[in-house]
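First the structure, in the form of structure tokens, and then the observations on it.
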Amino acid sequence: MSKKPLGRQYRQLNKKYEKLLNDPQVDSKKIETHHKKLAEIENIMVDRNNKGIELEKRGNIEKAIKLYEQNIADEFDGTHPYTRLAIIYRKKGQIEDEIRVLKKENTGFWRY
């Protein structure tokens, strides 16, 4: 059984969260629970990007690649991991990987 990508989980949870916010009869604890789950998912993916940035600065490109690849596998809703990977792969002459990442960017987080 495969787990849903975090980005997809986030989008689905966010839709439910928005409905809860607009429901005057909803329990505030339920809203708080959804908010915490959203923050947890967001923190995981943002932390990966931040760690990737730091690893790049230190010259540890391979570890940065792994973190960015995790984020694109999780359908991160932003451009950072896609852009960084495309640049890294271009510099390394890995054009097939660059194209793969750019194709994911164009079909990934824009799928609302």
Answer from Thr79, Thr83 - the residue that is among the hydroxyl-bearing types (Ser, Thr, Tyr), closer than 21 Å to Asn14 by Cβ and surrounded by fewer than 16 Cβ atoms within 10 Å (Cβ to Cβ): Thr79
If you scan the range 1-30, which residues turn out to be out of contact with any helix residue (DSSP H, G or I) (no Cβ under 9 Å at 6 or more places or on another chain), over 16 Å from Asp74 (Cα atoms) and part of a helix (DSSP H, G or I)? Lys15, Glu18, Lys19, Ser28, Lys29
Regarding the range 12-35, can at least one residue be identified that is of a type in the set (Val, Ile, Thr) and closer than 28 Å to Tyr89 by Cα? no
Considering only the range 17-29, state which residues are over 19 Å from the mean Cα position of the chain (by Cα) and either closer than 24 Å to Met45 by Cβ or of a type in the set (Phe, Trp, Tyr) (or both). Glu18, Lys19, Leu20, Leu21
Scan of the range 1-37 for residues that are open to solvent by 50 Å² or more (accessible area, probe 1.4 Å) and among the basic types (Lys, Arg), ordered by number: Lys3, Lys4, Arg8, Lys15, Lys16, Lys19, Lys29, Lys30, Lys36, Lys37
Please state which of the following conditions Leu55 fails to meet, knowing it meets all the rest: (1) loosely packed, with under 14 Cβ neighbours inside 10 Å; (2) within 24 Å of Lys91 (Cα to Cα). (1)
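The values are calculated or read from the model by the stated rules, or taken from the named source; none is laboratory data. What you see is a predicted model, and the numbers here were worked out from it, not measured in a lab. Note that each Cβ is placed from the backbone with ideal geometry, even for glycine, and that neighbours are counted across all protein chains shown. Note: accessible area is taken over every heavy atom of the protein model, side chains too, but ligands, DNA and RNA are not part of it. Shrake-Rupley method; radii C 1.70, N 1.55, O 1.52, S 1.80 Å.
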